[in-house]
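Remarks on the structure that follows.
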Amino acid sequence: MTLGNSPAPLMEGDCGVTHVTINGDRCQGHGRCALIAPHLFDVDDSGLGVVLVDPVASTDLADVEEAILTCPENAIAVAD
Ligand code: SF4
């Protein structure tokens, strides 16, 4: 299962592992992900978003979902 900027709530994958990615072609470096969840996202030296924790813990899925919904470029995705 792969979700992008979807209003559907994130669910932990069947295997219990959820991976988070940032599409570097879409990311424009707004940094909103790092503001929303600084324990999960940061920006690199060029200002683009990076994932700090992968896979993410089930307790962090709500923060990942908020970052996905806040990213104006639809650059953040999750997959099992
Ligand atoms: S909010 Fe989206 S566009 Fe902005 S840095 Fe994060 S991933 Fe990139």
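The values are calculated or read from the model by the stated rules, or taken from the named source; none is laboratory data. No experiment lies behind these values; they were computed from the predicted model shown. As a convention, Cβ positions derive from the backbone with ideal geometry for all residues, glycine included, and neighbour counts pool all protein chains shown.
A few remarks follow.
- If you filter the stretch 35-51 down to residues that are touching a helix residue (DSSP H, G or I) at 6+ places or on another chain (Cβ under 8 Å) and assigned to a loop (DSSP other than H, G, I, E, B), you find that the one that is nearest to Ala62 (Cα to Cα) is Ala37.
- A count restricted to the stretch 52-79 and to residues that are of a type in the set (A, V, I, L, M, F, W, C) and part of a loop (DSSP other than H, G, I, E, B) stands at 5.
- Residues in the stretch 26-62 that are exposed (fewer than 14 other Cβ atoms within 10 Å of the Cβ), of a type in the set (Asp, Glu) and within 11 Å of the ligand (Cβ to nearest atom): Asp44 only.
- Residue count for the stretch 14-33, restricted to those that are more than 21 Å from Ser58 (Cβ to Cβ) and hydrophobic (A, V, I, L, M, F, W, C): 1
- Qualifying positions in the stretch 64-76 - closer than 15 Å to His19 by Cβ and more than 10 Å from the ligand (Cβ to nearest atom): Val64, Glu65
- Selection count where residues are under 12 Å from Asn74 (Cα atoms) and modelled with pLDDT of 60 or more, scope the stretch 5-28: 8
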